1. Restricting attention to the range 121-148, which residues are assigned to a helix (DSSP H, G or I), surrounded by fewer than 19 Cβ atoms within 10 Å (Cβ to Cβ) and modelled with pLDDT under 95?
2. Taking strands (runs of 3 or more DSSP E) that fall entirely within the range 1-76, which contain at least 3 residues that are closer than 22 Å to V108 by Cα and touching a helix residue (DSSP H, G or I) at 6+ places or on another chain (Cβ under 6 Å)?
3. Scanning for something of a type outside the set (D, E, K, R), over 24 Å from E41 (Cβ atoms) and in contact (Cβ under 8 Å) with a residue 24 or more places away in the chain, does the range 176-188 turn up at least one residue?
4. Restricting attention to the range 91-103, and to residues there that are surrounded by 14 or more Cβ atoms within 10 Å (Cβ to Cβ) and modelled with pLDDT of 85 or more, which single residue is farthest from T49 (Cα to Cα)?
5. What are the residues in the range 108-120 that are small (G, A, S) and part of a loop (DSSP other than H, G, I, E, B), if any?
6. If you scan the range 149-186, which residues turn out to be of a type in the set (G, A, S), out of contact with any Gly (no Cβ under 6 Å at 6 or more places or on another chain) and not in a strand (DSSP E or B)?
7. What is the number of the single condition among (1) surrounded by 17 or more Cβ atoms within 10 Å (Cβ to Cβ); (2) within 24 Å of A3 (Cβ to Cβ) that V77 does not meet?
Amino acid sequence: MKALKDRIIRDGKCFEGGILKVDNFINHQMDPILMKSMAVEFVRRFASTKINKILTIEASGIAPAIMVGYLLELPVVFAKKKKPSTMENMLTTTVYSFTKDRTYDVCVSKDYLCPGDKVLFIDDFLANGNAAKGIIDLVQKAEAELVGMGFLIEKSFQHGGDYLRAQGIHVESLAIIESLENCQIKIKD
């Protein structure tokens, strides 16, 4: 997706340790026009897939997931990082955050992730695949079916995409970062 790749090159910032900061257009301040364009691209890429629910994980995945849900006219569920005191019938899993270097529990209500659901997961980044693995666990616990995973940005050098694709999961990434060595952003064509 050329518009996203161009924006990453223009406005993305690289930090030591393989961190790509895109907070001025994706996950702090958002560009709604770019967000809509990315959602349209996901709809195109998953057009032949039967989906009845969009799933994401808070917080940065919510905006693109809502855009995809809006375009497909489907409900969007987000896994929460803190258990709300009012949540019942909860499914939980543990996820390690590469960016924050910590582990946390994520949960979703069985009322919203149900047996037989055909789930498309949407998130901002795919790095090591830890959030994706947690989502796979939640979907399996719900006895739902994961029909695909869409990521705005994949860092291929961290191999989460390799793992997911080896599991037979339909993965679509709109921009694939090949390297951030020496804080130089190298994007796959």
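The values are calculated or read from the model by the stated rules, or taken from the named source; none is laboratory data. Remember, it's a predicted structure, so these values are computed and weren't measured experimentally. Positions of Cβ are generated from backbone atoms using ideal geometry, with glycine treated the same way; all protein chains shown enter the neighbour counts.
1. The one that is assigned to a helix (DSSP H, G or I), surrounded by fewer than 19 Cβ atoms within 10 Å (Cβ to Cβ) and modelled with pLDDT under 95: N130.
2. Of the strands (runs of 3 or more DSSP E) lying wholly inside the range 1-76, those with at least 3 residues that are closer than 22 Å to V108 by Cα and touching a helix residue (DSSP H, G or I) at 6+ places or on another chain (Cβ under 6 Å) span 53-57.
3. yes
4. Y96
5. G116
6. If we filter the range 149-186 for residues that are of a type in the set (G, A, S), which is where we start, we get 150, 156, 160-161, 166, 168, 173, 175, 179.
Going one step further and asking which of them are out of contact with any Gly (no Cβ under 6 Å at 6 or more places or on another chain), we end up with 150, 156, 161, 166, 168, 173, 175, 179.
Answer for the range 149-186, where residues must be of a type in the set (G, A, S), out of contact with any Gly (no Cβ under 6 Å at 6 or more places or on another chain) and not in a strand (DSSP E or B): S156, G161, A166, G168.
7. Unmet for V77, out of (1) surrounded by 17 or more Cβ atoms within 10 Å (Cβ to Cβ); (2) within 24 Å of A3 (Cβ to Cβ): (2).
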